[in-house]
Structures are given as C-alpha cells and as structure tokens.
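Enquirer: Could you have a look at this structure, given as structure tokens, before my questions?
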Amino acid sequence: MYFEPKYECMNREALDHLKLERLQASLTRISKNVPYYRKKFQEMNIDPYDFDSLEDLSRLPLTTREDLARHAPYGLFAVPLREVVRLHGTYGLKDRSIVVGYTINDIHRWSVLAARVLTAGGVTKDDVIQVAYNYGLSTSGFGIHYGAEQMGATVVPASSGNTSRQISIIQDYNVTTLVCIPSYALYLADKMDEAGININALSLRTGLFGEETWSEKTRGEIQDRLKITAADNYAVSEIMGPGVAGECLERKGMHINEDHFLPEVIDPHTLEPVKPGEPGELVITTLTKEALPLVRFRTGDLTRLIHEPCACGRTFVRMQRISGRCDDMLIIQGVNVFPQQIGHILASAGESIPSYQIVLEREGRLDKATVLVEADVLVPDKIKEQQGFIESIKQHLAMELGVFFEVRLVELGSMLFEGDKVVPVVDKRTF
Ligand code: ZN
C-alpha cells in the first residue's frame, strides 16, 4: 500500500531530476531570503543560480544545531512571521531555544508525508489510531495526528502519560493502531498484564514507534506482547516531526521521503561524505520547506543508507535504524537533552556549576534519569535546605527539559571518574 505512488515509486532518473529542480528553487529562495545563508554562499563562492548537479551538494555549507540556536528564534526563517502558522521547538541548547516554523503549505506537506509513513507501516484509513505521543512543542504528536487525518483514519489524540487512561482508551475505543515511544509500548503491555487484561481480545493490530533508540529484540517483544506488527519511523524535530522516513512492511530500513529531503552520510570527524552504504552521520537538506529550509543539516544521528531496490516497490533510498549519536545529545524518555543544559540549570540555582553526573537506567520498561550533584558546594548538614535545593532543581529540570529527573546530593568521590574528570553521563540502559 502506498499513499502517493506517483512519488514513492517514481523511477530514479525522474526522481533525481525532480530533486535537482527542487534543490535549485530552494537554494535560490534561501539565498534571497536568509541573510545568513546568502553570506555563507558568497563566502564559499556558490551561486545558487548556477547549481546544476546533485553531485555538488557536498560543496554547500553544513548547518548545525548551534547555528540554529545562534540565530534563534527567527533568524533563519525564509518567510516573514506573518506567513508562519505554527511554531514548534526543541528545549534550549545551552540557554537558547530552537524555534521551528511552518507555513500552511509546510503543514500540508507534513501531513501528507506523515500519511505516507503511516501507510508504509501498514496503517490504513480504516484504523483507529491512538497517538500516545506528547502533543506539545515537540513535533511527534501533531505530526502523526495530521497524517492520520490526511489519510482518512480515525485519530484518538490521547497524548502521553496517564497509563490507566491509555489502557481504557485502547479497550473502550477499539483502538487498532498504537503510536508511542517503543519503551512505553512495553510498559503498557506490562500494565495490561498486571491488570489481567486479555491482550488477544483487544482490537490492536499495528503500531508505529519512534523517537528513541530501539532494537530488533525490542521489536520482537512488542510484537509478541501486544500481538501487533511494529514499524519504525524517523523524525528530526528541527526539520519535521514524523514524516521524514518510515519503514515499509519489508522492514529492512526506513524509506526517506527523498522528493522532500535530500539525505547524505558524512564522516562526523572529517565532514567528508562517506562511500555509498558506509556508516556515518546523517545530513539532510530540505527541498520544499518554506518557513525554515535547511541546507545540509547535521542531525547527529548515526546510520547508513541502503541504495539497493526494496521489494515493496518504493524507489526511495532507505536508512538503517539509528545506531547512536555522534554528539553528546541524549534521548531520555523520548526527549532530546544535552548534558550542558543540566549544568546550566544547576548554575542558575547556585553561584557556580557544581560537579554533576547524569545516570541513565531502565526502571522496568522506562528510562530513569538521575542527576548526581556534588554535595560539598552546599551546607552539608542542613537537611532542610538540601531538600529545598533538590526539590527546586527537580522542578526546574522537569519544566525546562520536559524530563523528570531524580536529584541526589553525593560526595564527589562517589561519582564515576575517568582520570581526574567526572564522567558526564553514565548510560546503563540497554535497548
Ligand atoms: Zn520498502
């Protein structure tokens, strides 16, 4: 099943032609409307009107999250704010939020691309889709929601949290498709078992999972426990929520919507493109985005591209499941977090940044995040004051990062060291 076979199964030659045409149009618009890129192009001697080969892509400048944060909120927008109908954002990098805008055309394209991803994953318009992703500044909930409506399916905007309510929705609404982060799907399965619910009697048949790293083993477990087929999909909040790439039922990699996103894989150290099919960092150039078009955006995600044709008939290149990150960004409870953000929040509570260590574990199915903070910087024997400090830090972290952290005050010596440095992150999770 395809949502837009005309594009999804386009022959490669016609697709390359379309990509080049769209790239030329996008670069011209960017150069005209975004001073930052115009200056970059000039410095690098790039004339967007002269850009006539996809091979030349690697001559274009790379864009990083730092570039986005530095020009936040609207410095890289290619349209005036009055043409922007929606803003999403990621929690701040250091102290700057990244704001991502969408025009009405962007929203429309996003819906169609999310509908493609849902369809490829085996969802049809007859499905009742429970979206248990967060509906907030993050793009996941809204992306799937609009995609589901676009394809004519029935969408239940359950949003995240409140597990017993999620379970009664699955039962009472005869939900057939579950969309959430993979660890939460297993958590739901546990809770349903505990409640003595017969999973075989539910209407569930498919699931679409993403937003955190997961493995084939987890997929097997989700499928077994919930009696569904589980598909993976890929999103980048700075580019677009769900809709960038998704698995077909062959489930040997995620097809990238290449008519809208130009993928490359580079060596994260030399920044040179790797040989076809080799692993490295995924870089994406948007071809049709109006509000915030990005040139060669470094996603920080490690993968490799699969160029061989796929048995499903789609001609779009596939990307392998994400194997990790090449920067220090962490994904905790499905939310992107940079360790420095935590330092920044700790600093705002005291006079300087104390030594700290982030410890990530799995508690049952879910991520458990703890921040160990050096106690010596505080008055050690005033328990009440310490408790107040801990509570205020917890609140700050939850509000500013959208993740619930435990906070513990410890002796510096009880943290894990490498040489004379505290190891910033101790990740004990297995996927
Ligand atoms: Zn396929």
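The values are calculated or read from the model by the stated rules, or taken from the named source; none is laboratory data. None of the values given here were measured: they were computed from a predicted structure. We place every Cβ from the backbone using ideal geometry, glycine too, and count neighbours over all the protein chains shown. Heads up: the accessible areas ignore ligands, DNA and RNA and are worked out on the full protein's heavy atoms, side chains in. Shrake-Rupley method; radii C 1.70, N 1.55, O 1.52, S 1.80 Å.
Enquirer: Within the stretch 308-342, what residues put their amide N at less than 19 Å from the label point 7 Å along the Cα-to-Cβ vector of S215?
Expert: 320-326, 331-334
Enquirer: What FRET efficiency comes out for K125 versus A311 if R0 is 22 angstrom and r is the Cβ-Cβ distance? Round to the nearest 0.05.
Expert: Result of the calculation: an efficiency of 0.40.
Enquirer: Related question: When the Cα atoms of the stretch 1-144 are enclosed in a convex hull and the volume is divided per residue, what value in Å³ results?
Expert: Dividing the Cα hull volume of the stretch 1-144 by its residue count gives 142 Å³.
Enquirer: Using the Kyte-Doolittle scale, find the helices of the chain whose mean hydropathy is at least -1.0 and whose Cα atoms extend 30 Å or more along the helix's long axis, counting only whole DSSP H runs.
Expert: 12-33
Enquirer: Suppose each label sits 7 Å from its Cα in the direction of the beta carbon; what would the T64-E278 distance come out to in nanometres?
Expert: 2.2 nm
Enquirer: Report the dimensions of the stretch 229-288 along its three principal axes from the alpha-carbon atoms, largest first, rounded to Å.
Expert: 39, 26, 19
Enquirer: Starting from the exponent 0.38 and prefactor 2.2 Å, build the expected Rg for the stretch 49-208 from its residue count and divide its actual Cα Rg by it.
Expert: Compared with the compact-globule rule of thumb, the stretch 49-208 sits at 1.29.
Enquirer: Expressed in nm², what is the orientationally averaged projection area of the convex hull enclosing the Cα positions of the stretch 122-208?
Expert: 5.2 nm²
Enquirer: Something else about it: Share of the chain's accessible area from carbon and sulfur, percent, 1.4 Å?
Expert: So the carbon and sulfur contribution to the accessible surface is 50 percent.
Enquirer: Among the chymotrypsin sites (Phe, Trp or Tyr not before Pro) in the stretch 43-122, which ones are in a DSSP loop with at most 15 other Cβ atoms within 10 Å of the Cβ? Mind listing them?
Expert: Y74
Enquirer: Can you list residues from other chains, or at least 5 along the same chain, whose modelled amide H is less than 5 Å from the amide H of K368?
Expert: E361, R362, E363
Enquirer: Each residue of the stretch 272-284 in order: what ³J(HN,Hα) in whole Hz does its phi give by Karplus 6.51 cos²θ - 1.76 cosθ + 1.60, θ = phi - 60°, with x for Gly and Pro?
Expert: Once rounded to whole Hz, the list reads 8, x, 7, 5, x, x, 7, x, x, 8, 6, 10, 10.
Enquirer: With no solvent and one equal point scatterer placed on each C-alpha of the chain, evaluate the Debye formula and give log10 I(q)/I(0) for q = 0.07, 0.09, 0.12 Å⁻¹, two decimals.
Expert: Each listed q corresponds, in turn, to -0.36, -0.60, -1.05.
Enquirer: Right, here's the next one. How far is the Cα center of the stretch 308-373 from the Cα center of the stretch 58-114, in Å?
Expert: Rounded to whole Å, the Cα centres lie 21 Å apart.
Enquirer: Right, next: Ordering S58, S323 by accessible area with a probe of 1.4 Å, largest first, what comes out?
Expert: Output order, biggest surface exposure first: S323, S58.
Enquirer: Can you give the accessible area of S414, probe radius 1.4 Å, in Å² rounded to 10?
Expert: 80 Å²
Enquirer: Measuring with a 1.4 Å probe in the full set of protein chains, what accessible area per residue, in whole Å², belongs to the chain?
Expert: About 44 Å² of surface per residue is accessible.
Enquirer: Nothing charged except the Cβ atoms of Lys and Arg (+1) and of Asp and Glu (-1): what's the magnitude of the dipole of the chain about its Cα centre? Round to the nearest 20 debye.
Expert: Using only the charged Cβ atoms, the result is roughly 760 debye.
Enquirer: Ok, one more. Let me have the 222 nm mean residue ellipticity of the chain computed from DSSP H runs of 4+ only, each contributing -39500 (n - 2.57), with the sum over all residues rounded to the nearest 500.
Expert: -9500 deg cm²/dmol
Enquirer: Something else about it: Using a Gaussian network model of the chain whose springs link C-alpha atoms within less than 10 Å, name the residue from G402, G75, G364 with the highest mean-square fluctuation.
Expert: Answer for the Gaussian network model of the chain: G364.
Enquirer: To continue, here is another question. Under a no-solvent Debye model with one identical scatterer per Cα of the stretch 337-426, what's log10 I(q)/I(0) at q = 0.12, 0.18, 0.20 Å⁻¹?
Expert: Result of the Debye calculation: -0.35, -0.79, -0.98.
Enquirer: Keeping all protein chains in the complex and leaving out DNA, RNA and ligands, what accessible area do you get for E418 with a 1.4 Å probe, in Å² to the nearest 10?
Expert: Counting only protein heavy atoms, the figure is 140 Å².
Enquirer: With r as the distance between the Cβ atoms of S159 and D327 and R0 = 30 Å, compute the FRET efficiency 1/(1 + (r/R0)^6) and round to 0.05.
Expert: Efficiency at R0 = 30 Å is approximately 0.55.
Enquirer: OK, next. Just to verify a number: what accessible area does R116 come out at with the full protein assembly present, 1.4 Å probe, Å² rounded to tens?
Expert: Using a 1.4 Å probe on the heavy atoms, I get roughly 0 Å².
Enquirer: Determine by what factor the alpha-carbon radius of gyration of the stretch 1-70 differs from 2.2 N^0.38 Å, reporting the quotient.
Expert: Dividing the Cα Rg of the stretch 1-70 by 2.2 N^0.38 Å gives 1.35.
Enquirer: Compute the semi-axes of the equivalent ellipsoid of the stretch 286-389, taking the square root of 5 times each eigenvalue of the Cα gyration tensor, and list them largest first in whole Å.
Expert: Taking √(5λ) for each eigenvalue gives 42, 18, 11 Å, largest first.
Enquirer: Give the list, by residue number, of cysteines in the chain with no other Cys Cβ closer than 4.7 Å, or say none.
Expert: C9, C180, C310, C326
Enquirer: Just how far, in whole angstrom, is the stretch 381-431 from the stretch 22-50 if you go by their alpha carbon centroids?
Expert: 45 Å
Enquirer: On full extension of the chain, what length is gained from K191 through H269, given 0.36 nm per residue of separation minus the C-alpha to C-alpha distance?
Expert: Length difference between fully extended and current span is 23.7 nm.
Enquirer: Here is a further query. Please provide three numbers in whole Å: the alpha-carbon extents of the stretch 185-337 along the principal axes, with the largest listed first.
Expert: 54, 37, 31
Enquirer: May I ask for the percentage of alpha-carbon pairs in the stretch 152-267 that lie more than 21 Å from each other?
Expert: 41 percent
Enquirer: Separate question: What's the FRET efficiency of E55 with F417 using the Cβ-Cβ distance as r and R₀ = 56 Å, to the nearest 0.05?
Expert: Step by step, r from the Cβ atoms, then E = 0.70.
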